[in-house]
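Working notes for the structure below.
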Amino acid sequence: MLEQSDENIENTDNTSEENTTNAEETTIDTEEVTSEEKTETVVETEESANAKEVEAAVESVENEVAEDAEKVEEKTEEKVEIPVLEYDKMDFEALVSELKKTIKNNPINRIKTQVEGIKSAFNQQFGALLKEKKEAFLAEGGNSIDFQFSSPIKTEYNNLLSEYKTQRDKFYAELDKQLKDNLEKRNQVIADLKALIEEADTQTMYPKFRDLQNIWKSIGGIPKTKYNDTWKIYHHHVERFYDLLHISKDLRDLDFKNNLVEKTKLVEKAEKLTEAKDVNEAFKELQNLHKLWKEDIGPVAKESREEIWQRFSLATKTIHDKRHDYFREMKSKYQEIIDAKLLVIEKIDQYDSSKNATHNHWQKSIKDIESLRQEYFNAGKLPYSKSEEVWQKFKEATKKFNQAKNVFYKQEKSSQQDNLQKKIALIELAESLKDSDDWENTTNAMKKVQADWKRIGHVPRKFSDDIWKRFKAACNHYFDKFHENRNSLNAEQQEIVDTKKQLIEDLKDAKATTKEEVLALVSNWNAAGSLPRNARHLEGKFNKQIDKLLESLNLDKSEVVMLKFTNIVDGFVNNNDVRKLDSEKMFIRKKIDETVREMQQLENNLGFISNATEDNPLVKNVRDRVKGFKSELDVWQVKLDYLKRLKY
């Protein structure tokens with residue numbers, strides 16, 4: 001019901017009793033209301049060749065315009081999209097947290113989809129957990145009738161659902177009351193309008209009529225079942241009022257003129273909407289325009305009435321047709337989307353995880369399945385009626401994979417518990433040995449404990465840090481005491497320290513012209529003996545002096561680097577500093593890996609360069625960098641080979 005019947009107000013002398021009587025009835029005989037037009041959903045004219053098509057389009061919009069609870073909501077609050085997340089990927093805690101946040105931060109009448117999604121995911125997971133707990137209970141000899149299982153997270157979830165339902169029921173109860181109150185207010189406006197017409201005081205009736213119009217516009221939505229009849233009655237009395245207004249023709253003409261301006265604005269907006277790219281948004285906006293046309297703007301002069309309405313009807317039909325075309329096109333694409341999703345489901349269903357034997361194997365499979373899941377969702381969206389069957393197949397396919405994965409990790413969890421007990425036993429052994437003074441036997445025992453530790457596999461992550469700290473503390477405590485005892489100064493060690501201090505002083509003024517002379521100085525240093533632990537800092541001072549001498553020689557850069565390196569490493573060997581030797585080896589391996597990755601990245605980058613000819617400056621730059629990294633890699637490899645040849 002869109003077009004207000006712009007009554008011919010020139011014939012206003014016959015305000016009959018029959019019209020007055022019929023106006024008080026719930027349903028009005030529209031032929032008695034006007035001889036020019038009908039107060040139905042559209043004005044039908046013989047001159048319009050496509051009048052029936054226009055009527056169908058307008059009626060479709062009319063059905064959307066009828067106010068109900070959802071339309072009241074749209075008028076009173078800004079429409080903000082509430083996202084629907086992938087709840088099936090969340091655990092219990094995340095689902096409860098999301099439910100709490102959803103209820104707290106959003107209008108209670110707009111979260112049904114989100115709440116239902118959370119309920120479905122939670123109930124599915126909790127059902128699986130309940131089944132698992134019951135099977136375990138029965139396996140331990142329990143009786144099915146005695147089985148009980150409660151969970152704090154389930155209690156919190158139930159409380160949140162109860163809160164949601166309470167708030168929802170309260171909202172709709174208040175909304176129902178509001179709609180009924182609004183209906184009473186509109187009926188009162190109709191009664192006041194009837195009284196105004198019956199009094200027929202032409203001196204004061206127009207201002208009072210405008211006041212009643214403003215009151216009518218300010219009243220919110222009413223129950224949908226009452227909307228059409230209420231509006232018909234109101235509109236009928238509006239037309240009766242205009243029949244009486246002939247006495248004040250100037251006011252009437254001014255009102256017609258203003259109404260024409262406002263309706264022209266609505267028509268122009270509707271015509272602009274026909275060019276909108278988003279047909280759904282255009283259709284929503286069109287509903288608002290029809291409501292303004294119907295509710296807020298009065299009749300126009302007879303000579304303008306048909307023209308302005310035909311323009312509005314034509315724009316309505318255009319948008320309506322575009323919307324139907326859009327949905328027809330979407331419908332044709334649904335089968336393509338379904339086929340794409342079914343293809344992904346088949347891949348998931350046929351995915352072979354039977355050869356997965358390690359955590360790394362399963363992590364790779366999990367990434368593969370996640371990639372397929374994303375491919376499923378990227379295939380496109382379907383309406384619920386078409387998606388449910390496909391979605392159930394998708395869940396069944398992923399369920400098969402998840403069951404196999406869960407079996408592995410249950411076994412892995414059991415294995416990790418065994419590893420935890422083994423490592424705890426080693427910790428206790430290390431802690432019992434850490435204060436021993438039997439240096440030879442205890443040192444061998446502690447080294448064996450460390451080797452056994454490395455051979456044991458993973459433990460549950462929540463325990464790994466704590467047990468490692470205990471184990472490391474026990475080992476470090478012993479070896480710190482061991483080194484402290486071994487490195488305590490005696491007369492012989494003090495003589496070595498003094499000799500090496502003097503060698504460092506002599507080096508400050510020393511000059512060397514050949515590599516052999518420098519190596520001779522290093523040989524003298526090593527021949528003087530090993531420094532005690534608390535005097536090892538002298539090693540660094542000596543190395544700095546040797547580095548200066550090597551840099552003063554006319555040697556290849558890489559040769560100088562290796563001489564410096566071997567000098568330092570030989571010092572570690574002489575001092576039997578196993579920890580530093582192991583640390584140096586780990587550092588070099590790390591540098592080799594980093595260098596290889598850098599080279600591979602540069603090589604990959606070359607593949608993305610268009611016109612990658614050798615004379616391209618960018619290509620040349622990359623080639624030079626790769627060459628530099630290769631040189632570095634050669635040096636690091638030589639260093640590692642040198643360390644591997646050492647016996648310590």
Options D452, D435; residue that is open to solvent by 70 Å² or more (accessible area, probe 1.4 Å) and of a type outside the set (K, R): D435
Of residues in the stretch 86-122 being surrounded by fewer than 17 Cβ atoms within 10 Å (Cβ to Cβ) and over 18 Å from the mean Cα position of the chain (by Cα), the one nearest to K400 (Cα to Cα): S120
Odd one out for T513, checked against (1) over 60 Å from the mean Cα position of the chain (by Cα); (2) touching a residue at least 12 places away in the same chain (Cβ under 8 Å); (3) open to solvent by less than 60 Å² (accessible area, probe 1.4 Å): (3)
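Tell me whether the stretch 313-330 contains one or more residues that are among the hydrophobic types (A, V, I, L, M, F, W, C) and open to solvent by less than 20 Å² (accessible area, probe 1.4 Å).
Of the stretch 313-330, the ones among the hydrophobic types (A, V, I, L, M, F, W, C) are 314-315, 319, 327, 330.
When the remaining residues are screened for being open to solvent by less than 20 Å² (accessible area, probe 1.4 Å), the result is 315, 319.
Within the stretch 313-330 (the criterion being among the hydrophobic types (A, V, I, L, M, F, W, C) and open to solvent by less than 20 Å² (accessible area, probe 1.4 Å)), the answer is yes, since at least one residue qualifies.
I'm checking my understanding of the structure. Among residues of the stretch 520-533 that are assigned to a helix (DSSP H, G or I) and in contact (Cβ under 8 Å) with a residue 24 or more places away in the chain, which one is surrounded by the fewest Cβ atoms within 10 Å (Cβ to Cβ)? First the steps, then the outcome.
Residues of the stretch 520-533 that are assigned to a helix (DSSP H, G or I), as a first pass: 520-527, 533.
This time we only want the ones that are in contact (Cβ under 8 Å) with a residue 24 or more places away in the chain, so: 521-522, 525-526, 533.
On the way: L521: 19, V522: 18, W525: 25, N526: 14, R533: 16.
Restricting to residues being assigned to a helix (DSSP H, G or I) and in contact (Cβ under 8 Å) with a residue 24 or more places away in the chain, the top hit is N526.
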Which numbered condition G220 fails, given (1) touching an Asp or Glu at 6+ places or on another chain (Cβ under 9 Å); (2) open to solvent by 60 Å² or more (accessible area, probe 1.4 Å): (2)
Residue in the stretch 128-157 that is least open to solvent (accessible area, probe 1.4 Å), counting only those that are in contact (Cβ under 8 Å) with a residue 12 or more places away in the chain and in contact with a helix residue (DSSP H, G or I) (Cβ under 7 Å, 6 or more places away or on another chain): Y157
Per-region count, the stretch 569-579, residues surrounded by fewer than 16 Cβ atoms within 10 Å (Cβ to Cβ) and touching a residue at least 12 places away in the same chain (Cβ under 8 Å): 2
Enumeration of residues in the stretch 258-286 that are farther than 25 Å from W216 by Cα, among the aliphatic types (A, V, I, L, M) and open to solvent by 10 Å² or more (accessible area, probe 1.4 Å): L273, A276, V279
Checking Q125 against (1) loosely packed, with under 15 Cβ neighbours inside 10 Å; (2) closer than 20 Å to W391 by Cα; (3) not aromatic (F, W, Y), the condition it does not meet: (1)
Candidates S332, S354, S304, S365, filtered to the one that is within 30 Å of F209 (Cβ to Cβ) and of a type in the set (S, T, Y): S304
Check on D211, open to solvent by 70 Å² or more (accessible area, probe 1.4 Å), at pLDDT 85 or above and under 30 Å from L95 (Cα atoms): no
Test: residue in the stretch 620-630 that is in contact with a Ser or Thr (Cβ under 9 Å, 6 or more places away or on another chain), surrounded by 16 or more Cβ atoms within 10 Å (Cβ to Cβ), touching a residue at least 24 places away in the same chain (Cβ under 8 Å) and outside any helix (DSSP H, G or I): no
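Considering only residues that are of a type in the set (D, E) and in contact (Cβ under 8 Å) with a residue 24 or more places away in the chain, look in the stretch 580-601 and name the one that is most open to solvent (accessible area, probe 1.4 Å). Before the answer, list the steps.
So in the stretch 580-601, the residues of a type in the set (D, E) come out as 582, 584, 593-594, 598.
Those still in the list that are in contact (Cβ under 8 Å) with a residue 24 or more places away in the chain too: 584, 598.
Numbers: E584: 48, E598: 86 Å².
Among them, the one singled out is E598.
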Some residue of the stretch 477-488 being among the polar types (S, T, N, Q) and modelled with pLDDT of 80 or more: no
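Scan the stretch 174-189 and tell me whether some residue there is within 20 Å of D243 (Cα to Cα), part of a helix (DSSP H, G or I), open to solvent by less than 70 Å² (accessible area, probe 1.4 Å) and hydrophobic (A, V, I, L, M, F, W, C).
In the first step, residues of the stretch 174-189 are kept if they are within 20 Å of D243 (Cα to Cα); the result is 189.
Add one more test, that the residue is part of a helix (DSSP H, G or I), and what stays is 189.
With the extra rule that they be open to solvent by less than 70 Å² (accessible area, probe 1.4 Å), the set shrinks to 189.
After this cut, where a residue has to be hydrophobic (A, V, I, L, M, F, W, C) as well, the list is 189.
Scanning the stretch 174-189 turns up at least one residue that is within 20 Å of D243 (Cα to Cα), part of a helix (DSSP H, G or I), open to solvent by less than 70 Å² (accessible area, probe 1.4 Å) and hydrophobic (A, V, I, L, M, F, W, C).
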Checklist (1) touching a residue at least 40 places away in the same chain (Cβ under 8 Å); (2) open to solvent by less than 20 Å² (accessible area, probe 1.4 Å); (3) closer than 29 Å to K317 by Cα applied to L289, failing item: (1)
Any pair with Cβ under 6 angstrom, 6 or more apart, that starts in the stretch 407-420 at a residue that is of a type in the set (S, T, N, Q) and ends at one that is open to solvent by 50 Å² or more (accessible area, probe 1.4 Å): Q416/H458
Members of the stretch 361-388 found to be modelled with pLDDT under 85 and either open to solvent by 40 Å² or more (accessible area, probe 1.4 Å) or at positive phi (or both), listed by number: G380, K381, P383, Y384, S385, K386, E388
Matching residues, the stretch 534-565, being assigned to a loop (DSSP other than H, G, I, E, B) and under 58 Å from the mean Cα position of the chain (by Cα): R536, D556
Residues (in a helix (DSSP H, G or I) and closer than 13 Å to L420 by Cα) located in the stretch 455-469: R455, R461, K462, F463, S464, D465, D466, I467, W468
Qualifying residue in the stretch 406-420 (condition: open to solvent by 90 Å² or more (accessible area, probe 1.4 Å) and modelled with pLDDT of 85 or more): no
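The values are calculated or read from the model by the stated rules, or taken from the named source; none is laboratory data. In this text the structure is predicted, and so the values were computed from the model without any measurement. Note that each Cβ is placed from the backbone with ideal geometry, even for glycine, and that neighbours are counted across all protein chains shown. To get the accessible areas, we keep the full protein, side chains included, count just its heavy atoms, and leave off ligands, DNA and RNA. Shrake-Rupley method; radii C 1.70, N 1.55, O 1.52, S 1.80 Å.
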